[in-house]
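The values are calculated or read from the model by the stated rules, or taken from the named source; none is laboratory data. The shown structure was predicted, so the numbers you read here are calculated from the model rather than taken from an experiment. Cβ coordinates were reconstructed from backbone atoms using ideal geometry, including for glycine residues, and neighbour counts include every protein chain displayed.
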Amino acid sequence: MSAYRLHCVGESGNAYKVALMLEFCEYEWEPVFVDFFGGETRSAAYRSEINPFGEVPVLEIEGERIAQSGAILTHLAERSGKFGGQDEKQRLAILGWLLFDNHKFTSYYATLRWMVGLMKTGDPAVIDFLTKRALSAFSIVDKHLANRSFLVGDELTIADLSLVGYQYYEEDTGIDHSAFPNIQAWKRRIASLPRWKHPYDLMPRGFKGG
Ligand SMILES: N[C@@H](CCC(=O)N[C@@H](CS)C(=O)NCC(=O)O)C(=O)O
């Protein structure tokens, strides 16, 4: 059994953030498939035994379980001494991006992708709301990346891994990604790094529809 076990499903960009960090840290790890689409995260057993938040990802390290991708990434950065920023100013900037990501950059877009890209359903007013919120968050990140290679400092950090998590999934959400050329260049830059892999090459897929 590997020292690092990631409870995950391939379609989860939040789980992918952690999977990519484990790869970039060159850790030996294994995915533990969660039947997310079969309702496993909503079961009482999952919530009492694996994650009270009822979500993936969960990282198990030597039997201890950590939830929330931002907390896991921060822990792995501290543990490995990699991708955590060079100084206190950078660490604070990274924390700011992790919070922005969880509140605005990932959350609206991931919900939009779930509804439009995967389930192909949803109230048009809700889809409109999510689209506008996602576009607003994308614009902020695209502008920030106009004159830099990575979100914080000159090197890859966990801020990049957190925000880039959903950018490699290809389902049509109605968003025109070519309108965000700096995000596209940043995504390609990260994908060109050694050990980068697509989410579906790292974690087992669970979605049967589509
Ligand atoms: N802030 C959390 C979000 C995790 C999350 O929303 N995971 C989704 C899958 S991508 C989930 O398990 N959702 C279950 C639900 O909301 O009921 C993180 O970054 O880990």
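Worth pointing out:
- The condition of being within 15 Å of the ligand (Cβ to nearest atom), in contact (Cβ under 8 Å) with a residue 40 or more places away in the chain and within 22 Å of residue 201 (Cβ to Cβ) does not hold for residue 83.
- Residue match in the stretch 61-77 (condition: aliphatic (A, V, I, L, M), assigned to a helix (DSSP H, G or I), more than 10 Å from the ligand (Cβ to nearest atom) and not assigned by TED's automatic domain parsing to the domain that holds residue 113): yes
- Across the stretch 139-185, the number of residues qualifying as crowded, with 19+ Cβ neighbours inside 10 Å, hydrophobic (A, V, I, L, M, F, W, C) and within 19 Å of residue 70 (Cβ to Cβ) comes to 9.
- Looking across the stretch 86-104, the residues that are buried (at least 19 other Cβ atoms within 10 Å of the Cβ) and either at pLDDT below 95 or within 11 Å of the ligand (Cβ to nearest atom) (or both) come down to 98, 101.
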